[in-house]
1. What ranking do 162-174, 219-231 get when scored by the average of other Cβ atoms within 10 Å per residue, highest first?
2. Taking the 0 to 90 degree range and rounding to the nearest ten, how far is the long axis of helix 12-26 tilted relative to the main principal axis of the chain, both from C-alpha atoms?
3. Once the mean 1/r over all distinct Cα pairs of the range 86-238 is inverted, what Kirkwood radius in angstroms do you read off?
4. What would the Debye formula give as log10 I(q)/I(0) at q = 0.10 Å⁻¹ for the alpha-carbon point model of the chain, no solvent?
5. Using only Cα atoms, tell me the angle between helix 61-76 and the longest principal axis of the chain; keep it within 0 to 90° and round to the nearest 10.
6. Kirkwood hydrodynamic radius for the range 103-144: how many Å is it when counted over pairs of different Cα atoms?
7. With r as the distance between the Cβ atoms of residue 87 and residue 61 and R0 = 30 Å, compute the FRET efficiency 1/(1 + (r/R0)^6) and round to 0.05.
8. Determine the shape class of the range 192-283: with a ≥ b ≥ c the square roots of the Cα gyration tensor eigenvalues, call it rounded for a/c under 1.5, and otherwise prolate if a/b is greater than b/c, oblate otherwise.
Ligand code: MBD
Ligand code: FE
C-alpha cells in the first residue's frame, strides 16, 4: 500500500532543486539573444528602482547584508523559479495577455512538466490506488472566437494531490501522478477524470518561506488546477482554475486568481463535476 504520510516530509530542497533543473533543461534563450540596448534599458531601470528604495527607506548595512545572505540562500535552495513565479510572473502574464480576446489565462508556475501521458477524448488522470480526494469529472469544449468548435485541440492538466503536493516535486509520488493530456474529439470536447486538489503551501523551510515569515505574510495559494489549451493556428492558453469558497481565493500569495477562472462545481453523488470551455485566439 502507498504510504500517503510520507509526502508530509516534502522539503524546500525537494521542490526547489527539481524546479531549477527542469527550468534549465527547457530554457534555450539567454541574454545573448536579447538586444543589448534592451538589456541595458531593463537592467538600468530595475537597478534604479532598487537604488530609489534604498534612499527612500535609508537602508542600513545590516539590512543590505541580510538581503545578500537571503539572495544566496534562494539560489542554494533552488528557489529562483518559485520566487519569480510567485512574486513576478503575474505581471509578465498580465502584460503579455492584454490583447487576447478569448479565454483568460494566468501564470504557469514552477511545476509544469511536458510529455505527460496522453489520452483521446477522455483522460483517466494517472493516480495511485486509493488516491485521496473527492473524485472530480472536469469536462469542456474548445472553440474559436466565432464559437466554432476546434477539433482535436490539445488540453494538458496538472495539479497537486489532496495533500497539496505535486508529483516530480515531492518525494514518494509516482512520476506522472495527476498529470495528463487529452486530444479533444471532433467537436473539441474533452474530459478529465481526476480528484480535487488541496490548497498549496509554499515550502516554509526554504528562502521563500523565510521571507514570508520575516515579513509576516502567509504562504498559501488557493486550491487550483493547472491547464494548457492549444491547437495549431491558435495561441496557447496557460490557465489555472479555482474552487469557489476557498479562503485564499482573495489573497493568493502568487496573485494569480481572476474571476473568469472560477469553476462552477456541481455535486454528483459522492463525486463532483464541472464544465469549463476554452475560447482560443488565432495565432
Ligand atoms: C504552485 O503550485 C503554483 O501554481 C505557483 C504559481 C507557485 C507555486 C506553487
Ligand atoms: Fe500550482
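1. Values: 162-174: 19.2, 219-231: 22.2.
With the highest mean Cβ count within 10 Å placed first, the list reads 219-231, 162-174.
2. 80 degrees
3. On the way: mean 1/r = 0.0593 Å⁻¹.
When all Cα pairs of the range 86-238 are included, the Kirkwood radius is 16.9 Å.
4. -0.59
5. Value to nearest ten degrees: 40.
6. Details: mean 1/r = 0.0724 Å⁻¹.
Its Kirkwood hydrodynamic radius stands at 13.8 Å.
7. On the way: r = 25 Å, r/R0 = 0.83.
FRET efficiency, residue 61 to residue 87: 0.75.
8. Numbers: a/c = 2.46, a/b = 1.44, b/c = 1.71.
Oblate shape, in that a/c is at least 1.5 and b/c is the bigger or equal ratio.
Where a number appears in this text, it was derived from the coordinates with a stated rule and is not lab data. Computed from a prediction, not measured in an experiment: that's the story for all the values here. Cβ coordinates were reconstructed from backbone atoms using ideal geometry, including for glycine residues, and neighbour counts include every protein chain displayed.
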